[in-house]
Every structure is written in C-alpha cells, then in structure tokens.
Amino acid sequence: MKLSEIRKDYSSKSLDIRDVNHNPIQQFRAWIGEAIDSEVPEVNAMCLSTLGLDGYPNGRIVLLKEVDHGFVFFTNYESEKGLEIAKCPKASLTFFWPELERQVRIKGKLEKVNSEESDAYFHSRPIGSQIGAWTSPQSKPIASREELTSRQHEFENKFSTEAITRPLHWGGYRLLASRIEFWQGRPSRLHDRISYQKNMAEDWQIIRLAP
C-alpha cells in the first residue's frame, strides 16, 4: 500500500469548548487519566522538541513523570537536549493517543526542578536505571557497545560497596506551559481543536481553532 493511500476516519468522540475544564492542566489530567484507564501503551510518552544548536528544531521521545503546575521529565543535563535547553530554555511537548483519536500539544519555558525532586525520582528508579545514568555519556560518540558495557561493569562494581548517589549531571526539567492545545479527531478531517493561551494577566484564554 502506498503511504498516500493510508487513511483513517476519526469518529469515536467529540470535543466542545463548553465542556472543557477552565484550567488546561486539569483538562490534561482528565485526558491522560482516560488514556490510562483505556490502557493506551506508553501513555506518558511524548515528543520533546527543542531548538538545536544548529538552529533546526530537534525532537525525540521522552517520558512524562509528573504533572503539577507544569510537566516534568528527567534526563542527562549534558546530553544534546540538555545543551540545547541550556542555550534556549523553550520547548514543546506532543502527546498522541491514537486509541482515543487524541493529541495534545504544549509549549512553554523550561526550568530545572530542584535537587530534592531530582534525588527523590532518581532513587525511585530501578537500580539498573540508576547505574545507567552514571554509565552513559549521553549523546557523546562512543567506540562500541563494548565500551558502554565496560563502563556499566565499572559502575556496578563501584556501587556494590557504596550507596548510589544521583550524578550531578542528571536531573529533571519542568515545562511551564504558555499554550496547550487539545485535538480530537473527527470525521472528514474536520477535527475539534481547543486551544488555551496565556494572556498578559497570566489568565487562560480558551478558543476553538479551525482544523
């Protein structure tokens, strides 16, 4: 089958501006809750897009780990994305839950979470993942898989006799949203799009967009 011939007509749900929560964070919590209840695979997977050091947009899939007054994820601060965020702390997140025919797009500024939050999440991870944070010089060139395995064994030995601490180059970011859009697939590509935009008074303006 040709790519141009692949089509899906969305028809399972609708989205009305009169029905959404006045707070987009609460609306997001409602939607991700429905996705969890529907057993959507990798429900917290999101495309994080940053501005590359070469000036081009740069996207990759990361995992959402908390929703409070922002959207929290964790990574290596010295990775490609970490360096990009350090230079331009603005980003967008995109969630797609095809089982519910829904998409959420979020953009805003990024800030590092405090060390206590990063420590707490780091120590909640499986031991292998904690050692992995020490092992991988993320985004840096390596000679072979064997080099990575050797580093892994080195840190496994090191932490067999001492407590694992969080590496200072690893921690969390929180995206503070300035715009959040909820997309619900509808028939004939006439989708529902409800957008929340922060105004100068830091209040949320809610508008419907054409598909």
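Readers should treat all values here as calculations from the given coordinates under stated rules, not as data from a laboratory. These numbers were taken from a predicted model, which means no experiment stands behind them. Note that we place each Cβ from the backbone using ideal geometry, even for glycine, and neighbour counts take in every protein chain shown.
Annotation: the residues THR161, THR75, THR149, THR94, sorted from fewest to most other C-beta atoms within 10 Å of their own C-beta, follow the order THR161, THR149, THR94, THR75.
Arranged by the count of other C-beta atoms within 10 angstrom, fewest first, what order do MET1, MET46 take?
On the way: MET1 5, MET46 22.
Going from sparsest to densest Cβ surroundings: MET1, MET46.
Could you please rank VAL104, VAL62, placing first whichever residue has the fewest other Cβ atoms within 10 Å of its Cβ? Kindly include the intermediate steps, with their values, before the conclusion.
Values: VAL104 20, VAL62 17.
Exposure proxy ranking, most exposed first: VAL62, VAL104.
Computing Rg and the Kirkwood Rh from the Cα coordinates of region 91-164 gives a ratio, Rg/Rh, of 1.12.
Would you kindly state how much longer the chain becomes between ASN23 and SER136 on full extension, computed as 0.36 nm times their sequence separation minus their alpha carbon distance, in nm to one decimal? Intermediate values should be presented prior to the final figure.
On the way: separation 113, 0.36 × 113 = 40.68 nm, distance 3.87 nm.
Between ASN23 and SER136, full extension yields 36.8 nm more.
Could you work out the mean projected area of the convex hull around the alpha carbons of region 153-208, in square nanometres to one decimal? Could you put the intermediate results ahead of the total?
On the way: hull surface 34.7 nm².
Convex hull of Cα atoms, orientation-averaged projection: 8.7 nm².
Given springs between every Cα pair under 10 Å in a Gaussian network model of the chain, which of GLU101, GLU84, GLU154 has the largest fluctuation? Highest fluctuation of the listed residues: GLU154. Considering only ASP16, ASP54, ASP119, the mean-square fluctuation computed in a Gaussian network model of the chain, springs between alpha carbons under 10 angstrom, is largest for ASP54. For LYS109, the lysines whose Cα falls under 29 Å of its own Cα, not counting residues fewer than eight places away in the same chain, are LYS65, LYS81, LYS87, LYS90, LYS140, LYS198.
For the chain, which semi-axes, largest first and in whole Å, follow from the square roots of 5 times the eigenvalues of its Cα gyration tensor?
Details: eigenvalues 254, 83, 59 Å².
Those come to 36, 20, 17 Å.
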